[in-house]
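Single-structure report; data block below.
The values are calculated or read from the model by the stated rules, or taken from the named source; none is laboratory data. The shown structure was predicted, so the numbers you read here are calculated from the model rather than taken from an experiment. Glycine gets a Cβ as well: all are built from the backbone with ideal geometry, and neighbour counts include every protein chain shown. With ligands, DNA and RNA removed, areas are computed over all heavy atoms of the protein, side chains included. Shrake-Rupley method; radii C 1.70, N 1.55, O 1.52, S 1.80 Å.
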Amino acid sequence: MKPVLIGAVAGVVGTLMMDVLNAVGARTGIITRIDHRMIGRVSCGWVRGRFLYAHPGDVQNVANELIYGYAAHYLIGILLASAYVVGWHLLIGGPTSLVWAVAYGVATTVAAYFFLLPSIGLGVCGRRSPHGIKLPLSSLINHLFYGLGIAAGIARTGLTHPSACEQSGATSLPQQAFEPWRDKPGASSTRVAGRVRLRLGLIVLRVGFREVFPDQSRLRSG
């Protein structure tokens, strides 16, 4: 698979994992729920050329804002994940690091802290939020979920395996560079553990599906 396509897959998985785990966490009261309607309103404002508001209440309601919110949310997730995968391919090469994928996901919190939250009048890091410290902590946790999802998506595509990188042209390193990796003791057990973690992640996604898409869940169960 090409890096751009892998990035798109990782972006969808990462954003979906963020939504599902956020819904589960919000039910426990540990974190705040992602407001996709607000994302829809803000993104429509971006299209009209407005990027700053004095207060969240100043962001006008729009028709189909929930649809726009999910569309913008997943598009941003895809673009950010694609930037990571393509950037790794161009600047580093070789198997894509899952550890750095998680770290990258966490690092994308800066976009919320220094752009999104200030743009709707909540200040840098959401310091003016009525939720207090809970909002910036929720944002950080949500982006951790996103990073874990990116890693799961990349692992699912196989880009972490040298042969997959070679077939997609994702690296110009010589064949010998991967020999120590192939001969590394415990490599097979590591792959098995990765598959187990991926399956556990899928189970969590299924459990949280009804929280994110309750209407669709009722339709499927009926």
Original post:
Of all the residues that make up segment 103-135, how many are part of a helix (DSSP H, G or I), aliphatic (A, V, I, L, M) and crowded, with 19+ Cβ neighbours inside 10 Å?
Top reply: 3
**OP:** Output the residue which, of all residues in segment 69-82 that are touching a Phe, Trp or Tyr at 6+ places or on another chain (Cβ under 9 Å) and among the hydrophobic types (A, V, I, L, M, F, W, C), is surrounded by the most Cβ atoms within 10 Å (Cβ to Cβ).
**Re:** ALA81
Original post:
Here are VAL59, VAL85, VAL12: which of them is of a type in the set (Val, Ile, Thr) and more than 16 Å from the chain's Cα centre (by Cα)?
Top reply: VAL59
Original post:
Does segment 12-68 hold any residues that are part of a helix (DSSP H, G or I), free of Cβ contacts under 8 Å to residues at least 40 places away in the same chain, open to solvent by 50 Å² or more (accessible area, probe 1.4 Å) and under 24 Å from ALA81 (Cβ atoms), and which are they?
Top reply: ARG37, TRP46, VAL47, LEU66, ILE67, TYR68
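Quick test for you: out of LEU140, LEU159, LEU144, pick the one residue that is out of contact with any Leu (no Cβ under 6 Å at 6 or more places or on another chain) and modelled with pLDDT under 90.
The unique qualifying residue is LEU159.
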**OP:** Quick one: in segment 87-98, of everything that is in contact with a helix residue (DSSP H, G or I) (Cβ under 8 Å, 6 or more places away or on another chain) and not small (Gly, Ala, Ser), which residue is surrounded by the fewest Cβ atoms within 10 Å (Cβ to Cβ)?
**Re:** LEU98
